[in-house]
Amino acid sequence: MSTEQQHREARLTERVVASFDATPDPRLREVMRSLTRHLHDFVREVRLTEREWQQAIAFLTEAGHVTDERRQEFILLSDVLGASMQTVTVNNEAYGDATEATVFGPFFTDGSPAIPLGGDIAGGAAGEPCWVSGTVTDTAGNPVAGARIEVWEADDDGFYDVQYGDDRVAARGHLVTDAAGGFRFWAITPTPYPIPHDGPVGRLLAATGRSPMRASHLHFLVTAPGLRTLVTHIFVRGDALLDSDSVFGVRDSLVKDFARRPPDRPTPDGRDLGGRPWSQVRFDIVLAPANPAAPANP
Ligand code: BEZ
Ligand code: FE
């Protein structure tokens, strides 16, 4: 490329960057300047054709058209590009042995049913029963009594209750830790499911030879006063999808042993499961301080 061409391209970038110089909000100024530089670098690096630019605009337009209050194609796009997970990573800085965070996903709902300790979140959702237990502590090892734990998951067919198309509430609930920070409940053994892939994001995955499947997981949202809110999942050790999760949500520390139990093995709480096999997992949750004075992992 000629020196004159290089100068033209570089001068254009600098003019656009400078157009944000007078932005009153310093953070908006920083974000827009940096976005401009990265976007122009991308266009120049791949030598984007005008046809490709039109295709990109058509893709985003279609993403807008399929987005409504139930379907958010832009979040899905952010998810499959790893941008959601990178934002989670940047905003949940490593702190001692605090449990790692992962993506929130689109299937959390407010107002989940209260589940007593030892209760069942399945609410009629199909799936193999799974006993989940553990503790919530802070990074000094102190039990956190009264922590609120929201849990939600897909059923055996890979659907969340909000995808059933009726008003059923299933496979979700919230519970509160006991005086020792302990919790226990019945859920269903997580199974893999695809993210919604009947829109432009699904076509992008297909065109790039990527699978829409998520590794099997159970979602957690844990809150307690003075401690950092944790949004995470636990994953099933041995799941074939751990290395190819479509939204890059898997962290090694979140992969847990879901021990398979035969029907004749007595359950931890003596519940009669009617001759069905079940599984059992332990998840000990460690919450970072909400406002640490200094980083714990310099
Ligand atoms: C989920 O785990 O529920 C999820 C996360 C990202 C995109 C779609 C679904
Ligand atoms: Fe999920």
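A short reminder: the numbers here are calculations on the coordinates, not readings from a lab. It should be emphasised that the depicted structure is a prediction, and the values quoted were computed from it without experimental measurement. A quick note on method: Cβ atoms are made from the backbone with ideal geometry, for glycine too, and the neighbour counts reach across all protein chains shown.
Nearest 0.05, what FRET efficiency do T223 and N291 give at R0 = 22 Å with Cβ-Cβ as r?
Working: r = 15 Å, r/R0 = 0.68.
The value I calculate is 0.90.
With both partners inside the chain, how many of the DSSP beta bridges are antiparallel, as a percent to the nearest 5?
Numbers: 30 of 41 bridges.
Here the antiparallel bridges make up roughly 75 percent for the chain.
Could you give the size of the charge dipole of the chain about its Cα centre, using +1 on the Cβ of each K and R and -1 on the Cβ of each D and E, expressed in debye and rounded to the nearest 20? If you can, show how the numbers build up before the last one.
Working: 29 positive and 41 negative charges, 92 e Å.
Dipole size: approximately 440 debye.
Sorted by packing (mean other beta-carbon atoms within 10 Å per residue), highest first, where do 56-66, 136-146 land? Let's see the in-between values first.
On the way: 56-66: 13.1, 136-146: 16.2.
In decreasing order of mean packing, 56-66, 136-146 become 136-146, 56-66.
Report, in debye and to the nearest 20, how large the dipole of region 34-177 comes out about its Cα centre when Lys and Arg carry +1 and Asp and Glu carry -1 on their Cβ.
The dipole magnitude comes to about 460 debye.
Per DSSP helix of 4 or more residues, -39500 (n - 2.57); summed, then divided by the residues of the chain. What does that give at 222 nm, rounded to the nearest 500?
That comes out to -8500 deg cm²/dmol.
Which whole-number percent is the relative contact order of the chain (Cα, under 8 Å, 6+ apart)? Show your work: numbers first, answer last.
On the way: 524 pairs, mean separation 60.2, N = 298.
20 percent.
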